[in-house]
1. Amide H neighbours of C:Phe226 under 5 Å, counting only residues 5+ apart in sequence or on other chains, H built in-plane at 1.01 Å?
2. Among residues other than B:Glu179 whose Cβ falls under 10 Å from its Cβ, what is the net charge (Lys/Arg +1, Asp/Glu -1)?
3. Which of the GluC sites (Glu not before Pro) found in the stretch C:1-87 are in a DSSP loop and have at most 15 neighbouring Cβ atoms, other than their own, within 10 Å?
4. Taking a ≥ b ≥ c as the square roots of the Cα gyration tensor eigenvalues, with a/c under 1.5 meaning rounded and otherwise prolate when a/b beats b/c, else oblate, which class fits chain B?
5. Based on the Kirkwood radius over alpha-carbon pairs, what is the Stokes-Einstein translational diffusion coefficient of chain C at 20 °C with 1.002 mPa s viscosity, in µm²/s?
6. Assign one of three labels to the stretch A:216-262, namely rounded, prolate or oblate, based on the Cα gyration tensor with a ≥ b ≥ c the square roots of its eigenvalues; rounded applies when a/c is under 1.5, prolate when it is not and a/b is larger than b/c, and oblate otherwise.
7. What size of dipole, in debye to the nearest 20, comes out for chain C about its Cα centre when the only charges are +1 on Lys and Arg C-beta atoms and -1 on Asp and Glu C-beta atoms?
8. For the protein assembly as shown, what does the helix formula give at 222 nm: sum of -39500 (n - 2.57) over DSSP H segments with n ≥ 4, over the residue count, nearest 500 deg cm²/dmol?
Amino acid sequence: MRHWERPHYIVANRFWRLSLWVFFFVYLVVGIGSIEINWIRIYEGLERGSHFLSAFLHPDFTTRSTDIYAGILESLTITVTSTVAGILLSIPFGIGAARNISIKPIYLFCRAFIAISRSMQEVIVAIFLVALFGFGAFAGFLTLTYATIGFLGKLLAEEIEGIDRKQLEAVRSTGASWLQSIHVGIWPQIMPRMIGLSFYRLDINFRESAVIGIVGAGGIGATLNTAIDRYEYDSAGAILLLIIIIVMICEYLSGWIRKWIS
Amino acid sequence: MDQLTQHSLWKTNIRHKNWMVWGSCFVLALLTAYCWTIMTEETIWEFVYDAPVQGADLINRMFPPDWLYINKLYKALWDTINIATLGTLLGLIIALPVAFLAARNTTPSVLFVRPIALFVIAASRSINSLIWALLLVMILGPGILAGVLAIGLRSVGFIAKLFYESIEEINTTSVEAIESTGASHFQVINYAIIPQVLPAFLGVIIFRWDINIRESTILGLVGAGGIGLFLSSSLNVLAWPQVTLIIVVILATVIISEFISAKVRSLLIG
Amino acid sequence: MLKIQHLKKQYKKGPLVLKNINLVIPEGQIVGLIGPSGAGKSTLIRCINRLIKPSSGDISLGGINLSNASPRQIREQRRYIGMIFQEYALVERLSVMENVLSGRLGYLSFWQSFTRRYPQQDIDNAFDYLQRVGLIDHANKRADELSGGQRQRVGIARALAQDPRLLLVDEPTASLDPKTSRQIMRLIQSICREKGLPAIINIHDVPLAMQFVDRIIGLQGGEIVFDGLASELNEDVLTRIYGNEDWQPAGNDQDKGDE
């Protein structure tokens, strides 16, 4: 007769394993306990919820059709312009933030710019830009441009830092200028991935453009917010359906284009 | 084929490709310009030109931050962390079965069940957590519960998508081997599939938790609890020093959560 | 006793992979299944434990029909058929012991297997099997820490843990070096002898097959073209199975023949 017990590979020590489980359950109890649940309010809400669900299944595209059309158009235009502007600007920022080809002060500035962009929610950025530039699509455009620079700039910088040194040196040794060495030595190596990521970002930007409208930065989000405020569930359902459909089309198209390029 | 024709073929090929590239660039530029004109139709340019002045004024009003206000934020911060963590757990619980229903090699029916699971994933993914929160606040009333559910519902699609992709990539002969011992469907999942995908699953969960911490900081803007509630009320009364402090707290939380998730990931997955 | 009658298999719109296979394998006989790639060896083996559904024909093991069994019956019958795989097919992130014990899954409830609470008898037996294949010191290692030969031994122990009435072996040595291949084949042979266990070994290496099996079945294009004792295998038969080639082991020609 031999004893056998399943060995644990992730947390091998029995004491720590047990304490982690205890910690987890204690947290679960405390955490769930911290949620204040107003049952009466939820009961009232259930009816509204079922209304909304049925409205979602019978969406109304016509009553608010001009608002919805304008909102979708604004979201789409914001998406396109901010993605293009973001890509163009992420190139200098990405190059500046790559340790191996940049100089120290520019490197630090670009890194800080990118880091702030990445750790700030788009919505928070939008709040400030609306305060500066007024309500409307222009603030939304700036918000998403800034976010795109952070997203693509970091990836670009990492790609450049990770590229084949030898190829870069080979180009430099022919006496190429700094700009030429980037064009010939770096661009071909990173371009396919960058194009793929740009389309991915186009996707994200559309999704975000549907949100920043809630804080006044234009797009379909504002229309959605108004519809919900006015309890026009059927219009809200129509908008949500449109968002889902457009996101799916975007995703499908960008997947298709990425495959086509590579 | 002699060398000359081959050379000229290569050349026309390159020229063809160049035309394609320049053509698509041109179309893209036209499209962008067109979008720009539509988008800026209603822009009031006086406000835009005025922005530097406004910006300087804003910064003046924002500093120094109202440090003492932090005493009111502890509870909200705790709520924010709870929203993110419990929301991630909720998303995980729903996403697990959805992922197994969506993966080609574990779904009971490729024709019926799989498309439904894929639609659930797509719908959850295309709606931002802030919009989920907007809907849930309308249904359930403001509070943490709406926040937890919003984060959970948004996480389902993200987690299930990455889960089912890793399920589809597993080594099939191990599955065959376990099947050939007479194991039941669930035993096969438990013995042959889960061990193979566990590291990927853990990575996805940690990744999503990190994202959820970020997203839960702003849910309060639509009334779904957390530190965003305070951000919203400070903005409403234009208490800019408080806003500065809240932004600093949010940034610190985000950075710390990123640090924690990187640490946990390297501990668990190595 | 395994009995196969008029077995046919056709994949969707494809040609017939197995054309009318008839076979009887008595208790305790070790059968080597040889033939070129694509002859249907692997399909035949997988039809027996129903990893693949045969198109028509009968397969019966110990009097129980497998070819038209319900999914539940198939699971029940699979318990009695051990299988050893080419790429070992262990679950690499589980311990060696869990891999061996997974051979018992067909006998356990989901909850028992989920909590890893195996009957003491199963654990004792698993240790015996690990002892038998020479891996007793590795019981709690993770399977991916083992070498190829060691992994195949775990695969054998897993098949033994099923307490099988038939052993199906799919290219057991294809990923191993010549020395380890011999050790593995010898191990399989001696285990079958000890337990009087019939086995079907699907194998590419003809000399290795001749050394370790009782009977050889040659498969070509989904048909049995040879069925006889290992000692009866000669150049004529090999040509019938594999096509024209110089079968002399010595000389330079052998290198050219290997593809």
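1. Residues meeting the criterion, in which the H sits 1.01 Å from N, are C:Gly218.
2. +2
3. Passing both the DSSP loop test and the Cβ count: C:Glu27.
4. Since a/c reaches 1.5 but b/c is at least a/b, the shape of chain B is classed as oblate.
5. For the chosen part, D equals 112 µm²/s.
6. oblate
7. 1400
8. It comes out at -20500 deg cm²/dmol, rounded to the nearest 500.
Laboratory data are not the source of any read-out in this text; all were calculated from the coordinates shown. Since the structure is predicted, the reported quantities are computational estimates derived from the model, not experimental observations. Neighbour counts run over all protein chains shown; Cβ positions are idealised from the backbone, glycine included.
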